[in-house]
Amino acid sequence: MDVQHRPSTSPSGPGERLRVEDAFFLANETAQVTQQVGGLALFAPGPVPSREQAVDSVRARLPDLPRMRQRLVPDRRGRLVWREVDGFDPDRQVRTRHLGSPGEPSTLDAFVAEMVSSPLDRSRPLWEMQVLDGLPDGRGALAFRMHHCVGDGLAVIANIAAMFDDASGRPYRLPDGGGSPPDRPEATRRARLAEGGRQARLVARGLTHLARAGAAPPSALNGPLGGSQRSYARVALSRVEVGAAARSLSVSSGNLVLGLVAEGLHHLLDSRGRPAPDGRLRVMVPRSMRARGTLGLPGNWTGSVPVDLPVGPLPVADRVVAVHRQVQRRVGRGEPEAARLVMHAQGAVPRRLQPRVARLLYGARWFNLVASYFPGPRQRLTFCGSPLDRVFPVLPLAERVGVTVGAMPWGDTVGIGVTGDAGLVPDVAVLADAVGDAFADLSGA
């Protein structure tokens with residue numbers, strides 16, 4: 001058992017220790033860089049749930065969502081532990097907003113930018129939900145954010161989806177068929193040793209290649225962040241057409257989207273008259289390392305793949321295929337496993353030095369941007385009886401990293417959300433629009 005899951009005793013009772021991988025994201029949070037993962041879900045045209053309905057619905061699901069009832073507190077030795085908030089009620093965590101009213105943002109994108117510009121209150125459970133109305137087309141929306149220390153993208157999606165109902169009106173659960181199978185009790189000692197040896201060799205190979213990758217190239221998208229203010233833009237693609245385009249190029253849907261992001265970055269840099277000096281940008285792509293059956297487990301269970309995106313002049317299809325091949329090559333040589341080991345190993349550093357080490361490992365020295373593709377449901381889900389039409393991810397920035405991109409299929413669409421530093425990358429809409437245009441060209445070719 002991971003030692004970070006051992007109960008810890010404190011004056012107010014036991015608590016579950018904060019894992020090293022989760023503390024990593026607390027250490028990387030500063031006044032300029034909040035570490036929050038979230039999403040913006042659009043309701044189909046129709047009634048928008050009231051605040052009372054939303055609070056009642058969340059309250060009914062809380063027994064199955066422990067992290068949404070807990071906050072971080074220090075134990076006797078100063079180590080952070082998760083502990084239940086006595087008598088916790090979600091009333092203060094759920095809010096309603098009317099866009100366009102006095103003092104409120106006028107657009108959804110402006111609202112999201114405002115939401116992720118402020119930190120979550122660490123004295124309370126580290127999540128927040130907001131129900132929005134007042135959209136020009138009569139729709140409503142649901143915005144959700146959760147601190148990255150609570151979990152990776154899959155954990156956050158699982159928490160959000162657990163508040164929704166499927167077509168039959170029953171609470172929805174994301175299918176948990178991905179990842180590697182858990183250890184079988186009947187596995188022989190020799191088989192376990194053989195698998196351990198294989199994993200050790202894979203990690204060693206991955207560490208070698210990570211070391212050879214070196215620093216990220218210089219880019220206009222990197223530099224001192226202008227503060228905590230963010231910019232945000234989004235684009236929706238047809239899920240069916242994304243799948244068809246991916247099959248036609250013999251690539252995965254996730255790598256197709258990553259190739260489109262590379263095309264969007266090419267246009268963004270070109271619009272600024274500042275192309276990448278050597279025609280590439282390095283993106284850090286999180287990759288789930290969860291075993292099958294662990295989707296509901298809180299925490300961060302990810303490795304990452306550093307990918308050098310070709311962002312010079314190149315046909316879109318060629319760019320997508322080049323990105324796909326590079327991702328496959330890097331995954332095959334153990335780089336995600338090696339990256340996870342590096343993240344875990346920083347827990348061996350004395351506690352007072354861990355924040356400094358975490359920031360050395362996570363920032364513009366090693367990557368220019370972050371991009372992630374999350375799994376999502378195909379069926380139509382509802383919240384308080386109102387159907388949800390599409391979802392756009394919201395990802396945090398890193399130190400001196402001015403842009404992140406999240407993509408997630410949901411229902412009939414693939415929603416792509418681009419978050420930027422308002423000072424360094426205010427023109428995120430150029431990137432989002434270029435992704436949409438490149439996909440239209442590719443799927444219409």
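Here are the numbers for the structure shown:
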item	result
Which listed residue is in contact (Cβ under 8 Å) with a residue 40 or more places away in the chain and touching an Asp or Glu at 6+ places or on another chain (Cβ under 6 Å), from GLY140, GLY151	GLY140
Output for region 340-373, where each listed residue is touching a Phe, Trp or Tyr at 6+ places or on another chain (Cβ under 9 Å) and either assigned to a loop (DSSP other than H, G, I, E, B) or on the phi > 0 side of the Ramachandran plot (or both)	TYR362
Residue within region 427-443 that is more than 22 Å from LEU132 (Cα to Cα), part of a strand (DSSP E or B) and without any contact (Cβ under 8 Å) to a residue 40 or more places away in the chain present	no
Selected residue (criterion: surrounded by the most Cβ atoms within 10 Å (Cβ to Cβ)) from residues of region 309-327 that are closer than 27 Å to ALA211 by Cβ and free of Cβ contacts under 8 Å to residues at least 40 places away in the same chain	GLN326
Members of region 374-400 that are crowded, with 24+ Cβ neighbours inside 10 Å and not in a strand (DSSP E or B)	LEU395, LEU397
Residue in region 359-373 that is surrounded by the fewest Cβ atoms within 10 Å (Cβ to Cβ), counting only those that are aromatic (Phe, Trp, Tyr) and over 13 Å from the mean Cα position of the chain (by Cα)	TRP366
Meets criteria (free of Cβ contacts under 8 Å to residues at least 12 places away in the same chain and either in the same structural domain as ASP318 (by TED's automatic domain parsing) or farther than 23 Å from GLY206 by Cα (or both)) for ASP278	no
Yes/no for ALA41 being within 26 Å of LEU225 (Cβ to Cβ), in contact (Cβ under 8 Å) with a residue 12 or more places away in the chain and either assigned to a loop (DSSP other than H, G, I, E, B) or not assigned by TED's automatic domain parsing to the domain that holds SER231 (or both)	no
Test result for VAL403, buried (at least 21 other Cβ atoms within 10 Å of the Cβ) and either in contact with a Phe, Trp or Tyr (Cβ under 9 Å, 6 or more places away or on another chain) or not assigned by TED's automatic domain parsing to the domain that holds TYR232 (or both)	no
Hits in region 101-130 (condition: over 27 Å from ASP152 (Cβ atoms), of a type outside the set (Asp, Glu) and surrounded by 14 or more Cβ atoms within 10 Å (Cβ to Cβ))	PRO105, ALA110
Region 221-252, residues that are assigned to a helix (DSSP H, G or I) and surrounded by fewer than 19 Cβ atoms within 10 Å (Cβ to Cβ)	VAL240, GLU241, GLY243, ALA244, ARG247, SER248, LEU249
Residue within region 405-422 that is more than 23 Å from SER231 (Cβ to Cβ), of a type in the set (A, V, I, L, M, F, W, C) and assigned to a loop (DSSP other than H, G, I, E, B) present	no
Cross-chain or 6+ apart pairs with Cβ under 6 Å, region 356-380 first and farther than 25 Å from ALA23 by Cβ, then crowded, with 22+ Cβ neighbours inside 10 Å and aromatic (Phe, Trp, Tyr)	GLY376/TRP410
Among the candidates ARG230, ARG290, ARG280, residue that is touching a Leu at 6+ places or on another chain (Cβ under 8 Å), over 30 Å from LEU72 (Cβ atoms) and among the charged types (D, E, K, R)	ARG280
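Yes/no per residue for (1) farther than 29 Å from GLU335 by Cβ; (2) assigned by TED's automatic domain parsing to the domain that holds PHE24; (3) part of a loop (DSSP other than H, G, I, E, B); (4) at pLDDT 85 or above:
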residue: MET146; (1), (2), (3), (4): no, yes, no, yes
residue: ARG173; (1), (2), (3), (4): yes, no, yes, no
residue: GLY177; (1), (2), (3), (4): no, no, yes, no
residue: PRO182; (1), (2), (3), (4): no, no, yes, no
residue: LEU193; (1), (2), (3), (4): no, no, no, no
residue: GLN199; (1), (2), (3), (4): no, no, no, no
residue: VAL203; (1), (2), (3), (4): no, no, no, no
residue: HIS209; (1), (2), (3), (4): no, no, no, no
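The values are calculated or read from the model by the stated rules, or taken from the named source; none is laboratory data. What you see is a predicted model, and the numbers here were worked out from it, not measured in a lab. Every residue, glycine among them, receives a Cβ derived from its backbone with ideal geometry; neighbour counts consider all protein chains shown.
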